[in-house]
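The values are calculated or read from the model by the stated rules, or taken from the named source; none is laboratory data. Note that the structure is a prediction, hence the values are computed from the model and not measured. Cβ: placed from backbone, ideal geometry, glycine included. Neighbour counts: every protein chain shown. What goes into the accessible areas is simple: the full protein's heavy atoms, side chains included, and nothing from ligands, DNA or RNA. Shrake-Rupley method; radii C 1.70, N 1.55, O 1.52, S 1.80 Å.
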Amino acid sequence: MLQHTLDLVASLPFSRTILVTVPEVAQQIQTTAEILINSAPEAGQSSSVRLGVQAAPPDTGLFFLPGDQSLLDMATIQAIFSADNGTSIVYPITTDGTPKSPVLFAPRFREALLALQGDEGGRQIRQQYPTACRGVQVPNEQALWDVDTPTEYEEILTHWEGHP
């Protein structure tokens, strides 16, 4: 799943791509991204976010792509970047309005991202700055599926194999 995201990101014109992961995963993937090892993943998602933000160039937008969205596509990424005005938090939403990943943060949210604690990641920032949020509908809502359970993993495999 992660390899799909890395392959997709490699085709984008980012000035710098950073992968924050654990050693076991880093040894199994192929990427041109800079790899940062999170030695404290038990501290929650915020520990990975902080590592990535610290390594990112200052005064640039910060685009967070989770590695568990194996159906993510270029159309989704383009929809997010098309909605960017340089000052917002932009993310895809489902038809019922549920916010999903990936998420693009304007440079002004850098310090707030560095201050994150726990396992909620950027959700905390969205809640703190609701007027800065821009949810966008994407062409293919299946591209937003993520895998958090064995059942969801099986559903993704079925989709990849083209079965109903």
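For the stretch 1-64, which helices (runs of 4 or more DSSP H) that fit wholly inside it have 2 or more residues that are in contact with a helix residue (DSSP H, G or I) (Cβ under 9 Å, 6 or more places away or on another chain), closer than 25 Å to Ala132 by Cα and without any contact (Cβ under 8 Å) to a residue 40 or more places away in the chain?
Details: elements: 2-10, 23-26, 45-55.
Where helices (runs of 4 or more DSSP H) fall fully within the stretch 1-64 and carry at least 2 residues being in contact with a helix residue (DSSP H, G or I) (Cβ under 9 Å, 6 or more places away or on another chain), closer than 25 Å to Ala132 by Cα and without any contact (Cβ under 8 Å) to a residue 40 or more places away in the chain, they are 45-55.
Please find, among Asp96, Asp146, Asp84, Asp119, the residue that is part of a loop (DSSP other than H, G, I, E, B) and touching an Asp or Glu at 6+ places or on another chain (Cβ under 6 Å). Talk me through it step by step, then tell me what you get.
On the way: Asp96 fails: touching an Asp or Glu at 6+ places or on another chain (Cβ under 6 Å); Asp84 fails: touching an Asp or Glu at 6+ places or on another chain (Cβ under 6 Å); Asp119 fails: touching an Asp or Glu at 6+ places or on another chain (Cβ under 6 Å).
Answer to the check: Asp146.
For Thr5, state whether it is crowded, with 18+ Cβ neighbours inside 10 Å, over 19 Å from Pro107 (Cβ atoms) and in contact with a Leu (Cβ under 6 Å, 6 or more places away or on another chain).
Numbers: crowded, with 18+ Cβ neighbours inside 10 Å: yes; over 19 Å from Pro107 (Cβ atoms): yes; in contact with a Leu (Cβ under 6 Å, 6 or more places away or on another chain): yes.
Taking the combined requirement at face value, the residue satisfies it.
Do we find a residue being part of a loop (DSSP other than H, G, I, E, B) and touching a strand residue (DSSP E or B) at 6+ places or on another chain (Cβ under 7 Å) anywhere in the stretch 66-78?
Let us first name the residues in the stretch 66-78 that are part of a loop (DSSP other than H, G, I, E, B), namely 66-73.
Cutting the leftovers down to touching a strand residue (DSSP E or B) at 6+ places or on another chain (Cβ under 7 Å) gives us none.
Within the stretch 66-78, none of the residues are part of a loop (DSSP other than H, G, I, E, B) and touching a strand residue (DSSP E or B) at 6+ places or on another chain (Cβ under 7 Å).
Step by step: first the residues of the stretch 144-164, then only those that are at pLDDT below 90 and closer than 23 Å to Ile89 by Cβ, then the one that is surrounded by the fewest Cβ atoms within 10 Å (Cβ to Cβ). Which residue is that?
Filtering the stretch 144-164 down to residues at pLDDT below 90 leaves 145-164.
This time we only want the ones that are closer than 23 Å to Ile89 by Cβ, so: 145-146, 148.
Working: Trp145: 17, Asp146: 16, Asp148: 8.
Among those that are at pLDDT below 90 and closer than 23 Å to Ile89 by Cβ, it is Asp148.
Checking Gln127 against (1) out of contact with any strand residue (DSSP E or B) (no Cβ under 7 Å at 6 or more places or on another chain); (2) outside any loop (DSSP other than H, G, I, E, B); (3) of a type outside the set (Lys, Arg); (4) surrounded by 11 or more Cβ atoms within 10 Å (Cβ to Cβ), only one condition comes out false. Which one?
(4)
Asp84 - would you say it is out of contact with any helix residue (DSSP H, G or I) (no Cβ under 9 Å at 6 or more places or on another chain) and either of a type in the set (Asp, Glu) or farther than 27 Å from Pro139 by Cβ (or both)?
yes
Search the stretch 21-46 for residues being in contact with an Asp or Glu (Cβ under 9 Å, 6 or more places away or on another chain) and open to solvent by less than 40 Å² (accessible area, probe 1.4 Å), and hand back the single one that is modelled with the highest pLDDT.
Ser46
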